[in-house]
Amino acid sequence: MVTLLLDSTQLEVVLSPIERTFARRSDSVRVDRAHIRKVQLTDDAWTWLRGVPSPGTFVRGTVAMGTWTSAGADDFVVVRRRHPAVVVDLEDDAEFARLVLTTRHGLALVHALRLEGDDAPAEVTEIVAAQRAPRRTPRGLTARPA
């Protein structure tokens with residue numbers, strides 16, 4: 001599964017060496033945060049594929065990775081089996097029209113995008129965990145609303 005890094009200016013999809021090979025891409029995919037229009041969660045990423053891999057790898061029902069070219073635009077896809085995924089729709093001037101990524105951290109990405117970004121890139125799961133950290137009160141005291 002891909003690693004998703006987010007900071008105040010961009011979303012970075014970090015690919016493992018094997019994902020880079022299958023996607024036929026030498027670097028990570030970087031998207032300006034301002035170019036993100038919509039983020040959707042899906043249980044079946046295969047229904048979101050459009051076009052043909054160019055360049056990329058496709059084994060029906062198993063793996064789809066790389067740039068998928070259709071009549072309308074190019075999508076970047078990293079889909080493995082029947083795992084939950086996230087679909088990120090992008091503005092017209094971005095490198096891709098959308099990203100279709102198999103990840104178990106899709107919900108964390110949605111929450112992290114709603115928060116103000118930090119200057120240092122961090123994994124989306126760490127951003128959300130930092131925001132949800134419970135306040136600790138000394139033993140025997142109860143927290144009072146301010």
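Take the conditions among the aromatic types (Phe, Trp, Tyr), under 20 Å from Ile18 (Cβ atoms) and more than 15 Å from the chain's Cα centre (by Cα) and apply them to Phe76. Does it pass?
Taking the combined requirement at face value, the residue does not satisfy it.
Would you point out the residue of region 1-14, among those that are in a strand (DSSP E or B) and in contact with an Asp or Glu (Cβ under 7 Å, 6 or more places away or on another chain), that is surrounded by the most Cβ atoms within 10 Å (Cβ to Cβ)? So that I can check it myself, show each step before the final result.
Step one: filter region 1-14 for residues in a strand (DSSP E or B), giving 3-6, 10-14.
Pick out the ones that are also in contact with an Asp or Glu (Cβ under 7 Å, 6 or more places away or on another chain) and you get 3-5, 10.
Details: Thr3: 16, Leu4: 25, Leu5: 19, Gln10: 16.
Here the residue is Leu4.
Do we find that Arg104 is within 11 Å of the chain's Cα centre (by Cα) and part of a loop (DSSP other than H, G, I, E, B) in this structure? Full working, then the answer.
Numbers: within 11 Å of the chain's Cα centre (by Cα): yes; part of a loop (DSSP other than H, G, I, E, B): yes.
The answer is yes for Arg104.
Can you name every one of the strands (runs of 3 or more DSSP E) wholly within region 15-98 that holds 2 or more residues which are farther than 21 Å from Val124 by Cα?
Values: elements: 29-32, 36-42, 52-59, 63-69, 74-80, 85-90.
Result: 52-59, 63-69, 74-80.
Is it fair to say Val88 is aliphatic (A, V, I, L, M), touching a Lys or Arg at 6+ places or on another chain (Cβ under 7 Å), touching a residue at least 60 places away in the same chain (Cβ under 8 Å) and surrounded by 13 or more Cβ atoms within 10 Å (Cβ to Cβ)?
Yes; evaluated as a whole, the condition is true for this residue.
Throughout, read-outs are computed from the coordinates displayed, never taken from laboratory work. Nothing here was measured: the structure is a model prediction, and the numbers come from that model. Note that we place each Cβ from the backbone using ideal geometry, even for glycine, and neighbour counts take in every protein chain shown.
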